[in-house]
1. Report the per residue volume, in Å³, of the convex hull enclosing the C-alpha atoms of the chain.
2. Within the chain, what's the longest stretch lacking trypsin sites (Lys or Arg not before Pro) that sit in DSSP loops with no more than 13 other Cβ atoms inside 10 Å?
3. Going Cα to Cα from Lys260, which lysines come in below 19 Å? Please leave out same-chain ones fewer than 8 positions away.
4. Using a 10 angstrom Cβ neighbour count of at most 10 plus a DSSP loop assignment to flag exposed GluC sites (Glu not before Pro), which longest range of the chain is free of such sites?
5. Test of understanding: express the Cα radius of gyration of region 205-327 as a ratio to 2.2 N^0.38 Å, with N the residue count.
6. So, R0 is 35 Å and r is the distance between the beta-carbons of Ile187 and Lys321; what FRET efficiency does that work out to, to 0.05?
7. Between Ala196, Ala319, Ala273, which gets the highest mean-square fluctuation from a Gaussian network model of the chain, Cα cutoff 10 Å?
8. What value, in deg cm²/dmol to 500, does the helix sum -39500 (n - 2.57) over DSSP H runs of n ≥ 4 give at 222 nm once divided by the residues of the chain?
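What follows is calculated from the coordinates using simple rules that are stated; it is not laboratory data. Only a predicted model underlies this, so the values are computations on that prediction, with no experimental measurement involved. In this analysis, Cβ positions are derived from the backbone assuming ideal geometry, glycine residues included, and neighbour counts consider all displayed protein chains.
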Amino acid sequence: MELGTTLTRFIIAQQRKYPGASGDFSGLLAEIATAGKVISHEVNKAGLIDILGYKGKKNIHGEEVQKLDDFTNKVFMKTLSHTGHLAGIASEEMDDIYQIPEEFPRGKYVFLMDPLDGSSNIDVNISVGSIFSIYRRKSSGPLATMADFLQPGRNQVCAGYLIYGSSTMLVYTTGHGVHGFTLDPGIGEFLLSHEAIQIPSQATIYSINESYASEWSDGVQQYIEYAKKGDKTARYVGSLVADFHRNLLKGGIYIYPGDKKNPKGKLRLLYEAAPLAFIAEQAKGRASDGLSSMMDIVPESLHQRVPLVIGSPEDVIQAEKYMSKIDNPS
Ligand code: AHG
Ligand code: MN
Ligand code: MN
C-alpha cells in the first residue's frame, strides 16, 4: 500500500486480504495505537513534568519502578480494558494476571505487555518502548486463567512494539508480515512508513552488554571473539526495543545470554522475548535461547526469564553453533 496510508485504512485492507485475521484486532490495534499516542506525548516532555525518576517502590523483579513504568502501565490498562476484546491482561509491572472488570464485556484474547522497556534510559533521553503480545484464550469460563497466558510464542495471534525515539513508531505483525507506522504528531495519526519489513539475512552489527563478559559461557565468549575478528561492529543502547528495531531495519544480532550468575539471563519470555521473536520470524529473521526456537518454549511462569539470541538468521545460526557446540556438546 502507498506510504502514508493510515493505520486504520491498512488494517481494513489487511482484513479484506486475510478474512478472520486482522479484523479481530482492528479495535484492539486502534486502542494500542491510542495508548502509544498518549505515552509518546508524555515521554516527549518527560523532562518538563514530574514523571521522571523512581516511584520509590520495587516490582516483582526487585527492580526500582520508574514513575513512567507505572504511568505507561496505567495508560494501557485504561485504554484496553473497555475494548470488549480481552479477558485479561498481564504486565511486567503487575505481579499477577488482571481480570477485565465485569462492567466491561470480556473478549476472547489475552494481552501481555512490557509497558515501558528500557526505562532506565528515560531520564537521559534515549529511546524507550512498549512491547505487547496477544493470544487467543484457551479457557472458556468468565475469568481468564493462567493457562491463557502461559502459551508458547507460536500461538501468538499478534505481537508488536511502540518505540518512542526521534519519532514514535508502531511495528506489529498478525502473522502476515511485519509493518511499521510512524506517528505524525501534527495530525495524531500513525502513517504507514515501513511495509513488509524484512531483516537482512546477515549483517555487521552485534549487540550485547560486554560488561558481563567474564560471566559468559565459553560458547558466548568464543562467538563474540569470532564476531570481533570478522567485520562486525558493536551497537548497544541498553533499550531492547531500540536495539531490536535498529537491527530489524539494518540487520544484526542481539544477544542477552544467560551467564554463570543468571543462567536464564535478564529478559522476560512472555512480554519481551516471545513477541520480538514473532516479529523477527515474520521478518524472515530468527530467535532462540541459543538452543531452541524462542517460539517453541512453553512458559512455566508469568515472569520467567530466558536467554535471547535474535536477529539476522545467518548471524543467529552462527551464534547458536558456538553456544550449542561448546556449551551443550551432545
Ligand atoms: P525494562 O526497562 O523493561 O526492565 O527492560 C530493560 C532491559 C532491556 O530493555 C535492555 O536491553 C536490558 O534491560 C538492558 O540490561 P543491561 O543494563 O543489563 O544491559
Ligand atoms: Mn523490558
Ligand atoms: Mn519494562
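1. Taking the convex hull of the Cα positions in the chain, it is 136 Å³ per residue.
2. Maximal segment without exposed cleavage sites: 46-259.
3. Lys325
4. 104-299
5. 0.95
6. Working from the Cβ atoms, E equals 0.15.
7. Of Ala196, Ala319, Ala273, the Gaussian network model singles out Ala196 as fluctuating most.
8. Counting only the DSSP helices, I get -9000 deg cm²/dmol.
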